[in-house]
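Asks: Once you've had a glance at the structure underneath, I'll fire off some questions.
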Amino acid sequence: MTSVCTFGDSILDCGRYNPHGVHPGQLLVHNDDRLFPEFRGQDLASRGPARLEHRAVDGATVGDLPAQARGLAVDGDGVALLTIGGNDLLGGLIVDGGPGIEGFARALDRFLAALPIRPILVGNVYDPTFGDDSRDFLGVDPTLARRNHARMNAALAEAAGRYGALVDLHAHFLTGDPSWYTNIIEPSLRGASGGAAVFPARYPRREPPAIAFLA
């Protein structure tokens, strides 16, 4: 049995933002052949026994992660998917002068060190403005906002290097368009599928190819 465990925020818990309740972990384990018939047979369940342990919660910050992992037990092969940091930025770190993002990094490291599953695939924070300052929705100096966004993603990349691998959601979503988002920042149905595209199906004892939902 292969277990896929999701932790973090609405990038992985975005089912409420589309009419089909689809989110990336679900698509990786069991493709919705009705919505995405071109990917029939490419999900993990088509290769063998697989299950999803969905712990991610829309709106979560780094301080919420320990509660998401409470009681977790994984037998056999497994992989953890994590997306975090976006809500921490929106909650104040977007204007951080230095110590806030460093504190985020320490809290993240404590969570990852204690998580009883490897590898951990850590997604970074995407940019729904596509790098266009005219799309600013925060009312924050774009120079400061982009600097702290980059600092956040650097902290995530450093943690990913210690515990698994980085999933570059930021780069991937820059190849998309506004239809990948709803409510300004949340993944739409297309965005959920785009998110699934970037998380490779990487496990300790086997290396199947990445699943490319709408890549």
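Where a number appears in this text, it was derived from the coordinates with a stated rule and is not lab data. None of these values were measured; they are calculated from a predicted model. Glycine gets a Cβ as well: all are built from the backbone with ideal geometry, and neighbour counts include every protein chain shown.
Asks: Defining a contact as two alpha carbons under 8 Å apart and six or more residues distant in sequence, what relative contact order in percent does the chain show?
Replies: That works out to 25 percent.
Asks: Rounded to the nearest 500 deg cm²/dmol, what is the calculated helix-only ellipticity per residue at 222 nm for the chain, with -39500 (n - 2.57) per DSSP H run of length n ≥ 4?
Replies: When only DSSP H runs of four or more count, the value is -9000 deg cm²/dmol.
Asks: Please list, in order along the stretch 6-19, the HN-Hα scalar couplings obtained from phi with the Karplus expression 6.51 cos²θ - 1.76 cosθ + 1.60 (θ = phi - 60°), rounded to whole Hz, x for Gly and Pro.
Replies: 9, 9, x, 10, 6, 4, 9, 10, 10, x, 6, 9, 9, x
Asks: So what is the relative contact order for the stretch 19-68, in percent, with contacts set as C-alpha pairs under 8 Å and at least six apart?
Replies: Answer for the stretch 19-68 is 29 percent.
Asks: Let me spell out the model: positive unit charges on the Cβ of Lys and Arg, negative unit charges on the Cβ of Asp and Glu, origin at the Cα centre of the chain. What dipole size does that give, in debye rounded to 20?
Replies: It works out to roughly 640 debye.
Asks: For the chain, max minus min Cα coordinate along each principal axis, in Å, sorted largest first?
Replies: Here the spans come out as 49, 37, 25 Å, largest first.
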